[in-house]
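To keep things clear, I will list the structure first and then write my remarks on it.
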Amino acid sequence: MNPVIRISNVVTRFGSNLVHDGITLSVKKGEIYGLLGGSGSGKSTLLREMIMLQRPQAGEISVLGHDLMSLGRKEAAWLQRQWGVLFQAGALYSSLTVAENIGIKLKEYAHLPKNILGEIVRMKIRMVGLPDHAAELYPAELSGGMIKRASLARALAMDPGLLFLDEPTSGLDPIGAEAFDKLILELREMLDLTVVMVTHDLDSIWTIVDRLAVLGDGKVIAEGSLEEVMRQPHPIIKQFFHGERGRIRSQHGK
Amino acid sequence: MKTLDHQAEVRFLQDREGGLLVVSSGSWRVAALNQVAPILERRCRGLRNRPLRWDLSRVSSIDSAGIILLKHYLDQLQAQGCKVEIVGASPAQQRLYQMVASYAMASPETREEHRSRFLRPFTRLGESAVAFLRDINAFLSFVGENFVVLMLLLLQPWKFRYRATIRNIQDAGVGALPIVTLTSFLIGVVIAYQGAVQLQKFGANIFVVDMIAISVTRELAPLITAIVVAGRTGSSYTAQIGVMKITQEIDAMRIMGFEPHRFLVLPRVVAVMIALPLMIFFADIIGILGGMLVANVHLNISFTEFIHRLQNVLEVKHVWIGIAKGPFFAWLIAMTGCFRGFQVSRNTESIGRYTTISVVNAIFLVIACDALFSVLLTELGI
Ligand SMILES: Nc1ncnc2c1ncn2[C@@H]1O[C@H](COP(=O)(O)OP(=O)(O)O)[C@@H](O)[C@H]1O
Ligand SMILES: [Mg+2]
């Protein structure tokens, strides 16, 4: 089967800072794909390149069979409707309520009657585990976990097939993080999602990620299932999975 | 994966036993649903107490929005006494339906405010009156807090932020000189021109000097300079402090024990109070210069003649009165700017709103204060 996302030999540079030096990886349909790596290793940047917020200096990225490097305006607009994105800090519109944040894309693209729209929004709010009264709150009135959930609901508003998550569980308490992981698994089952997530969270990696890539030194150090990756002898991988926290986590298993 | 946004369809048919058959087909995904929503709305409204079969077997794909639409009308039909039987739903569709149903139950009734239309203007009026009083109250407590911090600072003057004050004088004063030069020069020119036209009729050309000198130094230079500063500096104070409020810098300062009044407000207020009188004096000179130029070109009053006359008619008290207004105007402008900045709540939209409010308030207060000065000084006979 054709991969949903295929990245090959991507090079990204900010001035003299070489962030990606030939990244190659691919994401298959229906899987939860993890992007790992130390802070500053270019995970968010790679994610931004996949969603066309940024262009790499060289290399190829294709999403759903479309080459992002040579894309018409129409195709780009169509592609943008195929995915939902959860930004690292939420990026909710601060002047809109949660309900308006979730409904804004629906309103723009779907032209549905108001009551149906309201029902869709309400369902999304419940689906991500927010209480009903959160609908009328502004982002400034939400806690960190609620912001993540609200922006997940916004990302899911159009029932996209592809979901990009940038550190979805960072900043959540362990219980909240676990619930969030479960939520993503559930949503994947129900909505046939393909999920690409940047994460540091060992628990998420163990419980929900199907395949992952580890970035380091501007390259993909390892790609594959968790077992495959852990078998690699690279020092960064050793550090990550066989450090204190990694060892404790691996004793518990799935 | 690659479902292009093609058609969604729904048809209402009679089946062999005379029952009603609803056939959905095509892609019931969110982008296509607007094609079927109006049809469903129209057809379902009139159906009461009828058996009905709803065929989903030809739906090629459906998403949660499609399910919600379906469910909405199923519920509505059931409430209208129709017995609905779903046929041809795939297991995936059933699962999605279960999921949506589990989240969509028990919709809370929407809050609707039942207020009569007749009363609404009065409610509005009442609300804005209360908001106004609250604003005044908040401003007074802001001034009070500022005063307390000022008093404490007078006991420990070395704690005052001299450096920040100097920098603010630079920004608010020196930085504004070009625009103040331009506006006050033009004001001088305008006054001289208008005066010239009237005075020439009486052959009283030389009196243009009296007119320019007194009106510019006593009223126009202070007012114009203050308005320029309100638009330029007052607004930037609101925006600066507002952004710090949004990024929680103010909170960070508070917990570190840096009172915002000492670090942000007082340096700004003091800076404008020092800069504005100096700028007024500067504007006096430029304004008179503008007038002098027009008087020379238009009324043939030579520069020496003009200056000689100026020395005779312009009492120094006019200049002092004009300059003395400076600190008062400055205090109003800077305090309003800072106060509105602190009122910014945690969303980006409110920065724009409060910046506008701050400028409008500051200009109004300056003009009101000027009027007060006029009345007071006239009553005192100065
Ligand atoms: N817009 C930018 N301009 C300059 N440097 C950037 C920019 N965005 C990211 N970088 C740099 O790229 C590197 C990778 O950043 P990022 O992708 O955010 O890392 P992370 O893996 O922690 O998400 C960092 O060194 C960062 O400083
Ligand atoms: Mg990042």
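So the values come out like this:
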read-out	value
Any chance A:ARG55 is more than 20 Å from the chain's Cα centre (by Cα), of a type in the set (D, E, K, R) and within 16 Å of ligand 1 (Cβ to nearest atom)	no
Single condition A:SER39 does not satisfy, out of (1) farther than 21 Å from A:ARG188 by Cα; (2) open to solvent by less than 30 Å² (accessible area, probe 1.4 Å); (3) within 16 Å of ligand 2 (Cβ to nearest atom)	(2)
Residue satisfying all of: in the stretch A:27-50; away from chain B (no Cβ under 14 Å) and within 23 Å of A:LEU183 (Cα to Cα); farthest from ligand 1 (Cβ to nearest atom) among these	A:ILE32
Residue count for the stretch A:1-21, restricted to those that are in contact (Cβ under 8 Å) with a residue 40 or more places away in the chain and away from ligand 1 (no atom under 16 Å from the Cβ)	6
Verdict on A:ALA77 being open to solvent by 10 Å² or more (accessible area, probe 1.4 Å) and more than 18 Å from the chain's Cα centre (by Cα)	yes
A:MET69 away from ligand 2 (no atom under 14 Å from the Cβ), under 18 Å from the mean Cα position of the chain (by Cα), aliphatic (A, V, I, L, M) and assigned to a loop (DSSP other than H, G, I, E, B)	no
Filtered residues of the stretch A:43-53 (kept if over 15 Å from A:VAL195 (Cα atoms) and either open to solvent by less than 40 Å² (accessible area, probe 1.4 Å) or away from ligand 2 (no atom under 16 Å from the Cβ) (or both))	A:THR45, A:GLU49, A:MET52
Looking only at the stretch A:83-104, and only at residues there that are within 11 Å of another protein chain (Cβ to nearest Cβ) and surrounded by fewer than 18 Cβ atoms within 10 Å (Cβ to Cβ), the one that is nearest to B:ASP75 (Cα to Cα)	A:LEU96
Failed condition for A:ASP201, given (1) under 17 Å from A:ALA89 (Cβ atoms); (2) more than 16 Å from ligand 1 (Cβ to nearest atom)	(2)
Hey, A:LEU183 under 13 Å from the mean Cα position of the chain (by Cα) and either more than 16 Å from ligand 1 (Cβ to nearest atom) or under 24 Å from A:ASN9 (Cα atoms) (or both) or not	no
Residue, farthest from A:VAL27 (Cα to Cα), within the stretch B:2-42, restricted to residues that are within 14 Å of chain A (Cβ to nearest Cβ) and open to solvent by 80 Å² or more (accessible area, probe 1.4 Å)	B:ARG42
Any hit, the stretch A:184-192, residues being touching a helix residue (DSSP H, G or I) at 6+ places or on another chain (Cβ under 6 Å) and away from chain B (no Cβ under 14 Å)	no
Filter result (within 14 Å of another protein chain (Cβ to nearest Cβ) and either within 14 Å of ligand 2 (Cβ to nearest atom) or farther than 16 Å from A:VAL85 by Cα (or both)) within the stretch A:5-26	A:ARG6
Residue check for A:TYR33: under 20 Å from A:SER151 (Cβ atoms), of a type in the set (Ser, Thr, Tyr) and at pLDDT 90 or above	yes
Contacts under 6 angstrom Cβ, first residue in the stretch A:28-50 being of a type in the set (Phe, Trp, Tyr), partner more than 13 Å from ligand 2 (Cβ to nearest atom), 6 or more apart	A:TYR33/A:VAL27; A:TYR33/A:VAL196; A:TYR33/A:ARG211
Yes/no for B:ILE86 being within 51 Å of the chain's Cα centre (by Cα) and β-branched (Val, Ile, Thr)	no
Qualifying residue in the stretch A:98-109 (condition: farther than 28 Å from B:THR348 by Cβ and either modelled with pLDDT of 85 or more or within 16 Å of ligand 2 (Cβ to nearest atom) (or both))	no
Hits in the stretch A:117-132 - residues which are out of contact with any Pro (no Cβ under 9 Å at 6 or more places or on another chain) and at pLDDT 85 or above	A:LEU117, A:GLY118, A:GLU119, A:ILE120, A:VAL121, A:MET123, A:LYS124, A:ARG126, A:LEU130, A:PRO131
All positions within the stretch A:147-180 that are over 27 Å from A:SER39 (Cα atoms) and within 16 Å of ligand 1 (Cβ to nearest atom)	none
Some residue of the stretch A:139-148 being open to solvent by less than 20 Å² (accessible area, probe 1.4 Å), touching a residue at least 40 places away in the same chain (Cβ under 8 Å) and among the small types (Gly, Ala, Ser)	no
Counted residues, the stretch A:105-144 - those being closer than 27 Å to A:ALA179 by Cβ, facing chain B (nearest Cβ under 8 Å) and of a type in the set (Ser, Thr, Tyr)	1
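The values are calculated or read from the model by the stated rules, or taken from the named source; none is laboratory data. Quick caveat, the model's predicted, so the values are computed rather than measured. Cβ sites come from the backbone with ideal geometry, for glycine too, and all protein chains shown count toward neighbours. With ligands, DNA and RNA removed, areas are computed over all heavy atoms of the protein, side chains included. Shrake-Rupley method; radii C 1.70, N 1.55, O 1.52, S 1.80 Å.
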